[in-house]
Amino acid sequence: MTNDTRFKILMVATEAVPFAKEGGVADVIGSLPKELAALGHEVCIFLPRYGSIDPARWSLQDTGVVRTVYLAWWNRTVSIWKTSLPDAPVTVYLLDNEEFFGRYQQIYLGLDRHEEQLRFLLFCRGLLEALPQLDFIPDIIHLHDWQAAPCVAYLRTSHRYLLRRGATRVVYTIHNLQYQGRWDPSILEEAGLDRNYLFNPGGLEFWGDVNWMKAGIVYSDVVTTVSHRYAQEIQTPAYGWGLDGVLFQRHERVFGIPNGLDWDVWNPATDGDLAVRYTAADAPTAKARNRTALRQEFGLPDDPELPLVGIVSRLVDQKGFDLIASIADELRNLPLQLVVLGTGHPRYEHLFRDLATSTRNVRASIGFDSALSHRIYAGSDFFLMPSAFEPGGLGQMIALRYGTLPIVHATGGLADTVTDLDAEPATSNGVSFIPYTASDLLDALHRALRLYAQHDRWPDLVARAMAYDSRWSASAHAYSQLYQRVFRFPPM
């Protein structure tokens, strides 16, 4: 296996831009295969065909492949559509079944629903049954998150022939370890999997349940996650969600590869949602004009001496809003302005509605507005993202791309991306804090205020932020090297 080997790669996931999106996985699957194809690999994607994916809109072609899968005591029929990623030589296969996918507009039904288990079991087994008829024999089967993990349980048992005695290897990526797909062990009989072989402490058993995330970890040839720091953190009790021991046992095969950012989508020089477009050369002036427009949109006074801090986020504990709530009284009196865009827990929605109506410096838009999010990234001076844990993180990379300095808790992908300007003044690009406490968050905000007051230094900090290279090409090169490396390990 040479360093320039080109592979046939099958990506298996539940969502991908532009077809279906709920979380960050969709951005990965919409971008990474394009960059891998640009390196010379042949890449195919397998997705479910949800009711929201219109065959006419996406020019889906019927492959003629139809399979009957016996699942949960019934024969289920699946058929396979085919299309491609826009502007990329990447084939996209979509598995169709009206009962489990076609009649639903949404991607996910809920972790507590039996049907959620069955539909992704059907997806995994159905695509494996169909694969030999699609004239695509992969060298790498790359699975993403717990919904795709049943594939590897089948591949190590009833569908082992597809691995071609080690000629095909399995890569498993953890996007968020918290969501593990646990269920009662009776699901194995419904799945057509050998309970006696699989349900044990070295296999799928986890505190009396089946754990599909664990299947991906123990049965794949290598495991990746979406940042270097998160790959280390999930091997500790604090971040391992009960699987830290399992991951540590496989530490030689656990790797962190940071996600990238689509620079065509997130480009302040071409972004039609901004009041003023800009490059690094004219960023300080243009960002000031975008800040003025954003303040006007939120009803804030345009005071150049006050930095504008932006938040675009789900309003949940994981994203650090418990800390923000703890310093709400201090926020009212800090010499800064804060604009918030997001939805989430009613407690935090109420908090920001209250702050927006009772303070002079905090405003909120409860909901989601893609165009407004672009304007917040461009018009803010700082971007606040104090997540308790963050496997990869997209917001901080977008902020840097738009010349907005992130303020983050140093965890996961945030620690990989953002380095603290007080610690490394000559090279760093933001403000970070640790440990995860309200007082340390407040201290980080005070340090940000001192940075903003250094007017002579500020243009250089904006330019440094915009120089951070977050393009997907670096991630694709890292995955390409990992695909080479996986063949140096003995097959499972």
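Remarks
- Alpha-carbon Debye profile of the stretch 1-116, log10 I(q)/I(0) at 0.09, 0.11, 0.18 Å⁻¹: -0.27, -0.40, -0.96
- FRET efficiency for Leu39 and Ser158, using Cβ-Cβ distance with R0 set to 25 Å, rounded to 0.05: 0.15
- Cysteines in the chain that lack a partner Cβ within the 4.7 Å cut-off: Cys44.
- All other residues whose Cβ lies under 13 angstrom from that of Arg76 are scored, Lys and Arg at +1 and Asp and Glu at -1, for a net of -3.
- FRET efficiency, 1/(1 + (r/R0)^6) with R0 51 Å, evaluated for Thr68 and Thr5 via beta carbons: 0.90
- Taking N as its residue count, the alpha carbon Rg of the stretch 130-256 over 2.2 N^0.38 Å: 1.03
- Over the chain, relative contact order from alpha-carbon pairs under 8 Å, at least 6 apart, %: 13 percent
- Per residue, the convex hull spanned by the Cα atoms of the stretch 320-387 amounts to 91 cubic angstrom.
- Per-residue ellipticity at 222 nm from helix content only, as computed over the chain with -39500 (n - 2.57) for each DSSP H run of at least four residues, stands at -10000 deg cm²/dmol.
- Normalised contact order of the stretch 6-138, rounded percent, pairs of Cα under 8 Å and 6 or more residues apart: 26 percent
- Measuring nothing but protein heavy atoms, the accessible surface of the chain at 1.4 Å probe radius is 50 percent carbon and sulfur.
- Relative intensity, log₁₀ I(q)/I(0), of the stretch 249-397 from a Debye sum that treats every alpha carbon as a point, q = 0.09, 0.19, 0.20 Å⁻¹: -0.31, -1.20, -1.29
- Mean projected area of the convex hull spanned by the Cα atoms of the chain, taken over all viewing directions: 22.8 nm².
- Gain in span if fully extended, Asp54 to Asp354, counting 0.36 nm per residue against the direct Cα distance: 103.9 nm
- Kirkwood radius for the stretch 443-492, taken over all pairs of different Cα atoms as the inverse mean of 1/r, rounds to 14.6 Å.
- Among Leu449, Leu204, Thr157 the positive-end extreme of the charge dipole of the chain (Cβ point charges): Thr157
- For the chain, lysine pairs with C-alpha atoms less than 29 angstrom apart, excluding pairs fewer than eight positions apart on the same chain, total 12.
- Restricting the trypsin sites (Lys or Arg not before Pro) of the stretch 221-292 to loop positions (DSSP other than H, G, I, E, B) with no more than 16 neighbouring Cβ atoms within 10 Å leaves Arg250, Arg277.
- Whole-number D in µm² s⁻¹ for the stretch 330-476, Kirkwood Cα-pair radius fed into Stokes-Einstein, 4 °C, 1.567 mPa s: 81 µm²/s
- Annotation: for a label point projected 7 angstrom from Cα along Cα→Cβ of Lys21, residues of the stretch 280-313 with backbone N closer than 17 Å are 312-313.
- For the stretch 460-482, backbone nitrogen atoms closer than 17 Å to the point 7 Å from Ala280 Cα along Cα-to-C-beta are found at 460-474.
- Estimated FRET transfer efficiency when R0 is 51 angstrom, pair Ala423-Leu109 (beta carbons, to 0.05): 0.70
- In the stretch 54-170, the ratio of gyration radius to Kirkwood radius, Rg to Rh, stands at 0.95 when only Cα atoms are counted.
- Dmax and Rg, reported as Rg then Dmax, of the stretch 46-91 (C-alpha, Å): 12.9, 42
- Normalised contact order of the stretch 44-121, rounded percent, pairs of Cα under 8 Å and 6 or more residues apart: 35 percent
The values are calculated or read from the model by the stated rules, or taken from the named source; none is laboratory data. Since the model is a prediction, treat every value here as computed from it, not as a measurement. Cβ coordinates were reconstructed from backbone atoms using ideal geometry, including for glycine residues, and neighbour counts include every protein chain displayed. Please note that ligands, DNA and RNA were not included when accessible areas were found on the heavy atoms of the full protein model with its side chains. Shrake-Rupley method; radii C 1.70, N 1.55, O 1.52, S 1.80 Å.
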